[in-house]
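Below: the structure, in structure tokens.
Read the figures in this text as sums done on the coordinates, not as results from a lab. Bear in mind that the values here come from a model prediction, so they are computed numbers and not experimental data. In this analysis, Cβ positions are derived from the backbone assuming ideal geometry, glycine residues included, and neighbour counts consider all displayed protein chains.
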Amino acid sequence: MPKQELLAEVIDALCCMPGVGPKSAQRIALHLFQRDRGGAENLAKALQMAVDRLGLCKKCRTLCEHELCDLCASSKRDPQVICVVESPADVWLINQATNYTGVFFVLNGRLSPLDGIGPDEIGLDKLEQQLESSQITELILATNSTVEGEATAHYIAQLALPYKVKVSRIAHGVPVGGELEFIDSTTLAHAFSGRRNIE
């Protein structure tokens, strides 16, 4: 049987994507080369352009093509309200699902001392510089409700204390359409502690 080193290399490269194992990578590669070579060329060009041009926004640290992303450069966003998130994907999600009009700060991770990820590795020194130099009125902490996400939110809240900035945490709890009998106890406890009055 002839060697297929190039195809194997493509399959191995596709495995770098989250949720894509060897079988899925093989299906993707075979589909592209057997049925959609034009799609493969477009994908290759788009990936190469993105690798060459995408970097982190100088202010909020999300992925963008320019020094400042569109949100940070927009005069319609309120620069005094910053929503702190773990990844650029969270920026997209919050923009699509809410009417939030402030700006963002992307950590590109979360505190994890066991993995050697401390405050500087997730850019908290840069966030503190913004707290020192800007007229920030509120930090909205939208990190995930994992142990690391909660620890990161707590650390940022403590970091903001000397600057007398309002710090809020997004609510966690029962999802819309969820039934209580299927909700885990930790989520239910969050829902109870984050309850609010009905107006």
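What translational diffusion coefficient, in µm²/s and rounded to a whole number, does the Stokes-Einstein relation yield for the chain at 37 °C and a viscosity of 0.692 mPa s, taking the hydrodynamic radius as the Kirkwood radius over Cα pairs?
On the way: Rh = 20.0 Å.
Approximately 164 µm²/s, per Stokes-Einstein.
Count of lysine pairs in the chain with Cα atoms under 18 Å apart, counting only pairs 8 or more residues apart in sequence or on different chains? Provide the component values of the computation, followed by the final result.
Details: Lys58/Lys126; Lys59/Lys76; Lys59/Lys126; Lys126/Lys164.
Counting lysine pairs in the chain gives 4.
Treating the beta-carbon of each Lys and Arg as +1 and of each Asp and Glu as -1, no other charges, what is the dipole magnitude of the chain about its Cα centre, to the nearest 20 debye?
Magnitude of the dipole: close to 420 debye.
Which one, Leu14, Val51, Gly38, projects farthest toward the positive side of the charge dipole computed for region 5-53 from Cβ point charges (K/R +1, D/E -1)?
Gly38
How much of the DSSP bridge set in the chain is antiparallel, in percent, rounded to the nearest 5?
20
Separation of region 96-152 and region 160-199 by C-alpha centroid, Å?
The distance from the Cα centre of region 96-152 to that of region 160-199 comes to 18 Å.
In deg cm²/dmol and to the nearest 500, what is the mean residue ellipticity at 222 nm of the chain if only DSSP H runs of at least 4 residues count, each as -39500 (n - 2.57), divided by the residue total?
The per-residue figure over the chain is -13500 deg cm²/dmol.
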